[in-house]
Amino acid sequence: EDMDALASFIEKVFVSRRHVSLQTQQLNSGANQSDNEPLVIASLFVFPIKSCAAMRVRRWPINRCTGKLAFDREFALVDSSGAAMRLHSYPKMSQIESKIDLEHSIMIVSAPGHTNLVLSLDKTSGTAFGVSDTPRDVEVCGALCKGSVWGGPEASKWFSSVLGIRCWL
């Protein structure tokens, strides 16, 4: 959501519609591109935990229900007030890296100076993996949503240690 807001801001303030229209016309007319040359995505990034470091991927599934990249911003860190933590307020979040292993249905979270945290992504595992049964109110970018605590006390302790503030995934 932060990146969407940034992209929208940049587009509104800095992008010239005339320039974009000319590029679109050139693309549609085939200028600077052969008809058989495919358009290619050069880099693809997934952000499993909102406002934390990205995970670069070569290929990645799309969630058919939402149309979004699977696990992209699926998780967020929340503070004791229930608000999602944001990078501009907690810069150390940029040092938290998460890797999704689809084959084993786990997320491996790492940060400098800390042992890796391994979390199951299997929602059916329930409380065995520290997943809260009851969705709670969470504020994300000013909007109220429902969320579940993931990873239980172990994950909370790990993230709190990294960031120096009590928080939950």
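The values are calculated or read from the model by the stated rules, or taken from the named source; none is laboratory data. Every value quoted in this text rests on a predicted model; they were computed, and no experiment measured them. FYI the Cβ positions are ideal-geometry reconstructions off the backbone, even for glycines, and counts take in every protein chain you see. Remember, those area values only see protein heavy atoms, side chains included, never the ligands or the DNA or RNA. Shrake-Rupley method; radii C 1.70, N 1.55, O 1.52, S 1.80 Å.
For region 124-144, indicate whether the set of residues that are assigned to a loop (DSSP other than H, G, I, E, B), modelled with pLDDT of 90 or more and either out of contact with any Leu (no Cβ under 6 Å at 6 or more places or on another chain) or surrounded by 18 or more Cβ atoms within 10 Å (Cβ to Cβ) (or both) is non-empty. Explain how you work it out, then say what you get.
So the first thing to find is which residues in region 124-144 are assigned to a loop (DSSP other than H, G, I, E, B), and the list is 130-135, 141-142.
Those left that are additionally modelled with pLDDT of 90 or more: none.
So far as region 124-144 goes, no, none of its residues is assigned to a loop (DSSP other than H, G, I, E, B), modelled with pLDDT of 90 or more and either out of contact with any Leu (no Cβ under 6 Å at 6 or more places or on another chain) or surrounded by 18 or more Cβ atoms within 10 Å (Cβ to Cβ) (or both).
When region 147-169 is examined, which residues are found to be part of a loop (DSSP other than H, G, I, E, B) and buried (at least 19 other Cβ atoms within 10 Å of the Cβ)?
Of all residues in region 147-169, those part of a loop (DSSP other than H, G, I, E, B) come to 148-151, 164-166, 169.
Result: Val149, Trp150, Gly151, Leu169.
Would a scan of region 105-113 turn up a residue that is without any contact (Cβ under 8 Å) to a residue 60 or more places away in the chain, open to solvent by 80 Å² or more (accessible area, probe 1.4 Å) and outside any strand (DSSP E or B)?
The answer is yes, given that some residue of region 105-113 is without any contact (Cβ under 8 Å) to a residue 60 or more places away in the chain, open to solvent by 80 Å² or more (accessible area, probe 1.4 Å) and outside any strand (DSSP E or B).
State all residues of region 72-104 that are buried (at least 16 other Cβ atoms within 10 Å of the Cβ) and at positive phi; if no residue qualifies, say none.
Arg73
How many residues does region 21-54 contain that are modelled with pLDDT of 55 or more and surrounded by 10 or more Cβ atoms within 10 Å (Cβ to Cβ)?
Residues meeting the conditions: 11.
Confirm whether Ser94 is closer than 19 Å to Val118 by Cβ, touching a residue at least 12 places away in the same chain (Cβ under 8 Å) and hydroxyl-bearing (Ser, Thr, Tyr). Give the derivation first.
Working: closer than 19 Å to Val118 by Cβ: no; touching a residue at least 12 places away in the same chain (Cβ under 8 Å): yes; hydroxyl-bearing (Ser, Thr, Tyr): yes.
Answer is no for this residue.
Provide a single number: the residues in region 58-104 that are at pLDDT 95 or above, within 14 Å of the chain's Cα centre (by Cα) and in a strand (DSSP E or B).
Selection size over region 58-104: 4.
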